[in-house]
1. Between the stretch 193-240 and the stretch 312-390, what's the alpha-carbon centroid distance in Å?
2. Connecting C-alpha atoms closer than 10 Å in a GNM of the chain, tell me which of Tyr124, Tyr373, Tyr181 has the biggest fluctuation.
3. Within the chain, which whole H helices from DSSP have a Cα span along their axis of at least 30 Å and a mean Kyte-Doolittle hydropathy of -0.5 or more, if any?
4. What are the extents of the Cα atoms of the stretch 155-219 along their three principal axes, in Å, largest first?
5. Per residue, what accessible area does the stretch 48-188 have, given a 1.4 Å probe and all protein chains present, in Å²?
6. Treating cross-link reach as a plain straight distance, find the lysines whose alpha-carbon is under 23 Å from the alpha-carbon of Lys243, omitting any fewer than eight places away in the same chain.
7. Could you tell me what percent of the accessible area of the chain is made up of carbon and sulfur, with a 1.4 Å probe and every protein chain present?
8. Which value in nm describes the separation of the simple spin-label points at Trp52 and Tyr301, placed 7 Å from the Cα toward the beta carbon?
Amino acid sequence: NLQESESENKLDGETASDSESKSEFGGSAPVPTSDDTPEVLNRALSNLSSRWKNWWVRGILTLAMITFFFIIIYLGPMVLMTIVMCVQIKCFHEIITIGYNVYHSYDLPWFRTLSWYFLLCVNYFFYGETVTDYFFTLVQREEPLRILSKYHRFISFALYLTGFCMFVLSLVKKHYRLQFYMFGWTHVTLLIVVTQSHLIIHNLFEGMIWFIVPISCVICNDIMAYMFGFFFGRTPLIKLSPKKTWEGFIGGFFATVLFGLLLSYVMSGYRCFTCPVEFNNDTNSFTVDCEPSELFQLQEYNIPLVLQSVVGWKTVRMYPFQIHSIALSTFASLIGPFGGFFASGFKRAFKIKDFANTIPGHGGIMDRFDCQYLMATFVNVYIASFIRGPNPSKLIQQFLTLRPDQQLHIFNTLKAHLADKGLLGGLEDA
């Protein structure tokens, strides 16, 4: 009997250290959460089996979320940033609540207060950096903002240091280990949630297309993998997610790459999607008007000889961004799901079904954004590595804020540099 119980624990992923942790922190893991399906849907789908009922609930709520996604895109960048901020706070709340329940940290002094305080500090740091970077002229125009910008990092450090001292002062003899567990829990959550949501906003400023296409590819892959798995799935993919199948994984990959090519083709023709999101100081509003870069101008490409006999074409006209979309959709369908597998392992470790029951049929907000955060990091790295170059408008803005003698020094240095290259000869003769 003892051997059987030990083998059951191993199969469930629980080790001896897990059992010790249970006894140390008082009790078993939380009971799995259940979805609060609206009563209207329960009555309408009461005659269906649980499998098909779940399919319809997930489908209806997915359509509702996609509709909401289109609405916030239509409302513009400011609303998008606000929604990203709200999603970030909700995800942080869900993860912190799990830690609060798992470790039974009800008696810890200041735990929840300090967790939210650290969230405030980290957001102040990241959003302050964003404001300084993208709203440089506005910041320099307003005296209070200029002072906050100048000493931003020192203020951020002072705020964090205050929280750190508060944590040390809150340590009590009987809860040392538990308090440090929760201190680490909070900071890992901040690293996963806040840092990556900040990268999503950075991607947005590069152009709406860098925000919409990656997110849409993850959504498409999630839907198509579920559909292929639901109708054709036979072969289990990974033990962490028993319902995931190879059929769904492969079908989702091909569907996502095709979807990424089509979506990027449609969006590349509109300046409102391709132009960087910039703040217009004259109108105090966001603008997305520019001359499209080469990424978003149709080019003619030769089709490889191997494929010419199949498709019957020698050349094809497409946007260069579509080639990049293949990389984005490939990551979304092959590597992105590992964000979901990571979340599944996390939930299994603490014996919970979902992060919360916010969305019927889907779980919590974090259940929907586990892959999105990983995708956001990849897109940011991809842009920095292969796309982004120096921004002349930002350099000019910074140049204009310098003292006259500094501006003159830079002007003379640049003039001498261009003269050495022979680029000013014609202008000087004229």
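1. Measuring centre to centre over Cα atoms gives 4 Å.
2. Tyr181
3. On the way: long enough: 50-75 (37 Å, 1.05); 77-102 (38 Å, 1.32); 111-134 (34 Å, 0.38); 176-205 (43 Å, 0.80); 208-232 (35 Å, 1.82); 246-267 (31 Å, 1.55).
Span-like helices, by this rule, are 50-75, 77-102, 111-134, 176-205, 208-232, 246-267.
4. 53, 29, 8
5. Working: 8190 Å² over 141 residues.
Per-residue value: 58 Å².
6. Partners within reach: Lys10, Lys53, Lys347, Lys351, Lys353.
7. Values: 16510 of 25100 Å².
Summing carbon and sulfur atoms, their accessible area is 66 percent of the total for the chain.
8. Distance between label points: 4.3 nm.
The values are calculated or read from the model by the stated rules, or taken from the named source; none is laboratory data. It should be emphasised that the depicted structure is a prediction, and the values quoted were computed from it without experimental measurement. Cβ atoms come from the backbone with ideal geometry, glycine included; neighbour counts cover every protein chain shown. Side chains are part of the model used for accessible areas, which takes the heavy atoms of the whole protein and leaves out ligands, DNA and RNA. Shrake-Rupley method; radii C 1.70, N 1.55, O 1.52, S 1.80 Å.
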